[in-house]
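Undergrad: Submitted below is the structure of interest, expressed as structure tokens.
The values are calculated or read from the model by the stated rules, or taken from the named source; none is laboratory data. Predicted model, so just to flag it, every value in this text is computed and none were measured. Methodologically, a virtual Cβ is constructed for each residue, glycine included, from the backbone with ideal geometry; neighbour enumeration extends over all protein chains shown.
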Amino acid sequence: MSAPANRPIGGSDIAASEFTQLRDLLYRESGIVLPESKISLMVSRLNKRLRHLQLPDFGAYFRYIEADQSGEELREMVAAMTTNVTSFFRESHHFTQAAQTILPPLLERVKAGKSRLRIWSAGCSTGEEPYSIAITLLELCPEAARYDIKILATDIDPHALSRARTGNYPAGLTKGLSDARAHKFFDPIEINGNSAWRARAELRNLITFEALNLHQNWPMRGPFDLIFCRNVVIYFDETTRSQLWQRFAHILTPEGWLFTGHSERLDAAAMRHFALDGITAYRRHGAHNQACPIAADATPRAMPRAMSRATCTPDAPQSSTNHITRGYAP
Ligand SMILES: C[S@@+](CC[C@H](N)C(=O)[O-])C[C@H]1O[C@@H](n2cnc3c(N)ncnc32)[C@H](O)[C@@H]1O
């Protein structure tokens, strides 16, 4: 049974009605589903925002977001609620499969000037995933900079993206990165007296980091040869997941690849477009033979008034949409 609407719940100082309001806002904006069992998570994450804004309670915080026409606090709320856990070469079988079977023929075509190569890390968090993709590419093709090869890395969380853009990783946060790869692709640096690694320019130059909410308009037209969307949709509901998989199908090249996280599976509707070909690796069917069921800017559900404005984050200047469109148009 739910708690009375005005009573604090979960041993916290948030009323049930306030939790519901903020949870619904989070869902409508990001697709992230927060069960009641995560009340204390919400309280601990958003308490920092309350303190920062000097607001007395979560009701006042909800009203503040509603009144904020810039959409900035809505973005801050979503960012605070995202889970950014990641690591280099996480679920390494995808990188092995890409290096051994998928990328070599694609790179041959690129080197022969017959095509370009576009890879999208959707939900890239602090960058470990796109940097791992860039390392994989450079190991196969050290002269990648000479060719039309680009990695787009996007996330809804502007703070994670800011960290990703620096390419700086404290020495203790390089899980999955071997010593050999660290020395080959990163420079040892110091940050506030602590040792860290900085991604070399050859890695950083392959990647464009941009803020993008997967549930809003995708300004880039693609097509992409590979999409990594791993450990992102686990926080979404089934309908939202299925719609996203199908949108990916329509922005992939014929026979392009979609990699998902270890606990994420395509449903029957999405599998009309894909065949499983590896561990959580899906290959699109050769031709776009089905009418696209989802418009490019479809959202999984109606967006309330305040929601539809939060496409670009403070970190993503006004020009970012054009930037994505420029770099990733056919
Ligand atoms: C757990 S991390 C996964 C990082 C990486 N893909 C990996 O597998 O290691 C999930 C990321 O998805 C992002 N995310 C959640 N909802 C999103 C949305 N609606 N649009 C874009 N990114 C989203 C979060 O900000 C977070 O950085």
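Undergrad: Out of the residues in the range 228-255 that are within 11 Å of the ligand (Cβ to nearest atom) and assigned to a strand (DSSP E or B), which is surrounded by the most Cβ atoms within 10 Å (Cβ to Cβ)?
TA: F228
Undergrad: Kindly indicate the residue of the range 18-73 that is on the phi > 0 side of the Ramachandran plot and within 16 Å of the ligand (Cβ to nearest atom) and also farthest from the chain's Cα centre (by Cα) among those meeting that condition.
TA: Across the range 18-73, the extreme among qualifying residues is G71.
Undergrad: Also, I was wondering about something else. Answer yes if at least one residue in the range 204-215 is under 21 Å from H159 (Cβ atoms), under 19 Å from the mean Cα position of the chain (by Cα) and of a type in the set (G, A, S), and no otherwise.
TA: yes
Undergrad: Of I102, I39, which residue is in a helix (DSSP H, G or I), in contact with a Gly (Cβ under 8 Å, 6 or more places away or on another chain) and either in the same structural domain as F236 (by TED's automatic domain parsing) or surrounded by 19 or more Cβ atoms within 10 Å (Cβ to Cβ) (or both)?
TA: I39
Undergrad: Please work out if L258 is in a strand (DSSP E or B), surrounded by 20 or more Cβ atoms within 10 Å (Cβ to Cβ), assigned by TED's automatic domain parsing to the domain that holds S115 and of a type in the set (A, V, I, L, M).
TA: yes
Undergrad: If a residue has to be away from the ligand (no atom under 16 Å from the Cβ) and among the basic types (K, R) to count, how many in the range 74-114 make the cut?
TA: Count: 3.
Undergrad: Return only the number of the condition from (1) in contact with a strand residue (DSSP E or B) (Cβ under 7 Å, 6 or more places away or on another chain); (2) part of a helix (DSSP H, G or I); (3) within 17 Å of L226 (Cβ to Cβ) that I119 does not satisfy.
TA: Of the numbered conditions (1) in contact with a strand residue (DSSP E or B) (Cβ under 7 Å, 6 or more places away or on another chain); (2) part of a helix (DSSP H, G or I); (3) within 17 Å of L226 (Cβ to Cβ), the odd one out for I119 is (2).
Undergrad: Would you mind telling me which numbered condition in (1) buried (at least 16 other Cβ atoms within 10 Å of the Cβ); (2) among the polar types (S, T, N, Q); (3) at pLDDT below 95 N6 fails?
TA: (1)
Undergrad: Would you confirm whether any residue within the range 197-215 is in a strand (DSSP E or B) and of a type in the set (G, A, S)?
TA: Yes, the range 197-215 contains a residue that is in a strand (DSSP E or B) and of a type in the set (G, A, S).
Undergrad: Select, from L137, L117, L173, L161, the only residue that is within 15 Å of the ligand (Cβ to nearest atom) and surrounded by 20 or more Cβ atoms within 10 Å (Cβ to Cβ).
TA: The conditions single out L161.
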